[in-house]
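To keep things clear, I will list the structure first and then write my remarks on it.
The values are calculated or read from the model by the stated rules, or taken from the named source; none is laboratory data. Remember, predicted model here, so these are calculated numbers, not experimental data. Using ideal geometry, Cβ is built from the backbone for each residue, glycine included, and neighbour counts are taken over all protein chains shown. Just the protein is used for accessible areas: all its heavy atoms, side chains included, with ligands, DNA and RNA removed. Shrake-Rupley method; radii C 1.70, N 1.55, O 1.52, S 1.80 Å.
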Amino acid sequence: MQPKNMCRLLRALSRQGLNVSYENKTYSVRLNKLKQDVPVASVLLPEDFLVEAKALNQLALLASMQHPAGGCVCGACATPDFHPGDAGVAIGSVIETENMVIPAAVGSDINCGMRLHVANLTIEKFLAQRDKFVELMKGDYFFGTRDVTMSASTMRALFQDGVLGWVDAMWKAPTGSFVKSDFAQLAKEVDRIFLNGSMEGSWKKAPSELVPDEGVVRDGGLATIGGGNHFVEIQRVDKIENRRLAHLWGVKEGQLAFMIHSGSRNVGKYIGGAWRDKAKAAWGKSVKYPDSNIFPLSTNSHPELVASYLQAEATAANYGFMNRLLLAELLRLRLRQVFGDIEAPLVYDLPHNITLPQPVINKWVTRKGACPAFDNQPVIIPGSMGASSYLCVGKSNPKFLNSASHGAGRQRSRFELTRQGASYTKEELGLTGVDCITLREERRIEEAPVAYKPIQSVIDVQVEAKMIEVVATLSPILTFKA
């Protein structure tokens, strides 16, 4: 961007109440009216990316949050897939809080995240049986032919201890579609899930209909993709950039891969919505509401509510880990059914909507549409269904709170693409050559490649900022969208 255009932009943002400066592809933003002790939020953006005042304002409001009983945001930033959020929190926001947590900063899609597997199967062999495989997966993902029946005790173990609890319970007495699963492999893969897929949840925080005292549970939400930008995608490993790490992680050029983007579904909505309301109800009756209408919980005034919320969030997070595992396991079982004995090991599974404790007591980092990117930790960053995705490794950059983007980020809203009278060609939508499996034509349009920012720029700016390093590039073959 030319300097004169930048000056014009900064003046325009100032008129909207934002104090914004720019240096080395990083915007620094805070609200004009605030005291100096409020942290300045950093936003990393490629030079040619649109700067959205609404998203900057949402981030500045979030960074300014304080609780009257004590508690504040002490650090804030945003990753380059940054864009406005429907619930008042910008996607790509990362905040560090002290003596308080903010349930609405995670929202309802708790532990939405990414999961990546590879398989020693060539694309040619896969495409030769594509139609048979797709029909089987459409049954599992869209028509309910999957069977996720579990005992009441297994469901309690799932909510209580996540993947660790579920694997232990199901190994002893497998049920439903997973009687043919390799539980020794599933147990081994726990080490490749962030936090081992197990947080300190409580089955008592889950929806009561999913945790009966006895009998079986038929949960229609587990092993489902969900709407919006969630997907299951078959990919090809196109290029290896870091051969040492790729070898260590079992990733080879030319392999088939499958990537999963989903979260905690209705359980997350249940817990996220309930705790948004509880945080508001706990706010002092005589205290002015926050300008953002987003309510934190303080450890000083309501330590029991903070602890209870974190346990409830962990309960939904355990469900999210399991939802991705079961989506992947259904696909892996179908691969074996069609192509024979294929191992299809897990590369990694990590969240990008979650609150995590810091080493210092009563400090947390909350990521909304941003993933952890600690040193030597795998990072999965998807592009659109018409663009490459990236397997990366984190570099623990403290300036961006050890985080990375969770994708490319939207540049055009779903409403804009599907509003009444809108008409686009495949070429205009970027859908030429895209193999999208869905029962809803509007989903194909809402999630068309043109809706998303250029993923290469998002990756390049994070590599330059030493947030991540690219390990491998993957290209889409076909994408399931619910």
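Surrounded by fewer than 19 Cβ atoms within 10 Å (Cβ to Cβ) and of a type in the set (S, T, N, Q): does that describe Ser21?
Working: surrounded by fewer than 19 Cβ atoms within 10 Å (Cβ to Cβ): yes; of a type in the set (S, T, N, Q): yes.
Criteria met by Ser21.
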> Which one of these does Val43 not meet: (1) buried (at least 16 other Cβ atoms within 10 Å of the Cβ); (2) over 22 Å from Tyr452 (Cβ atoms); (3) free of Cβ contacts under 8 Å to residues at least 60 places away in the same chain?
Replying inline: (2)
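Give Asn300, Asn293, Asn266 a once-over and let me know the one that is part of a helix (DSSP H, G or I) and either of a type in the set (Phe, Trp, Tyr) or surrounded by fewer than 24 Cβ atoms within 10 Å (Cβ to Cβ) (or both). Full working, then the answer.
Details: Asn300 fails: part of a helix (DSSP H, G or I); Asn293 fails: part of a helix (DSSP H, G or I).
Going through Asn300, Asn293, Asn266 in turn, just one is part of a helix (DSSP H, G or I) and either of a type in the set (Phe, Trp, Tyr) or surrounded by fewer than 24 Cβ atoms within 10 Å (Cβ to Cβ) (or both): Asn266.
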> Within the set of pairs 6 or more residues apart or between chains, which connect a residue that is farther than 17 Å from Ser64 by Cβ and open to solvent by less than 20 Å² (accessible area, probe 1.4 Å) inside region 99-115 to a residue that is part of a loop (DSSP other than H, G, I, E, B) and at pLDDT 95 or above with Cβ atoms less than 6 Å apart?
Replying inline: Ile110/Ser264; Asn111/Gly263; Asn111/Ser264; Cys112/Gly263; Gly113/His352
> Are there any pairs with C-beta distances below 7 angstrom linking a residue in region 466-477 that is farther than 12 Å from Ala246 by Cβ and in contact (Cβ under 8 Å) with a residue 40 or more places away in the chain to a residue that is open to solvent by less than 20 Å² (accessible area, probe 1.4 Å) and among the acidic types (Asp, Glu), with the two at least 6 apart or on different chains, and if so which?
Replying inline: Pro476/Glu233
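Of all residues in region 224-255 being part of a loop (DSSP other than H, G, I, E, B) and touching a Ser or Thr at 6+ places or on another chain (Cβ under 8 Å), which is farthest from Phe480 (Cα to Cα)? Before you say what the answer is, go through the steps one by one.
Kept after step one, since they are part of a loop (DSSP other than H, G, I, E, B), are these residues of region 224-255: 224-230, 241-242, 250-255.
Then drop every residue that is not touching a Ser or Thr at 6+ places or on another chain (Cβ under 8 Å), which leaves 224-226, 230, 241, 254.
Details: Thr224: 11, Ile225: 8, Gly226: 11, His230: 9, Glu241: 27, Gly254: 21 Å.
Per the criteria, the residue is Glu241.
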>> If I filter region 119-166 down to residues being open to solvent by 10 Å² or more (accessible area, probe 1.4 Å) and in contact with a Gly (Cβ under 6 Å, 6 or more places away or on another chain), which single residue comes out as nearest to Ala206 (Cα to Cα)?
In response: Gln160
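I'd like to check something: does region 341-358 contain any residue that is of a type in the set (D, E, K, R) and open to solvent by 10 Å² or more (accessible area, probe 1.4 Å)?
Taking region 341-358 and keeping what is of a type in the set (D, E, K, R), we get 341, 343, 349.
From what is left, the residues that are open to solvent by 10 Å² or more (accessible area, probe 1.4 Å) are 341, 343.
Scanning region 341-358 turns up at least one residue that is of a type in the set (D, E, K, R) and open to solvent by 10 Å² or more (accessible area, probe 1.4 Å).
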> Within region 378-399, can you find the residues that are in contact (Cβ under 8 Å) with a residue 60 or more places away in the chain, surrounded by fewer than 24 Cβ atoms within 10 Å (Cβ to Cβ), in a loop (DSSP other than H, G, I, E, B) and not basic (Lys, Arg)?
Replying inline: Gly386, Ala387, Ser388, Asn397
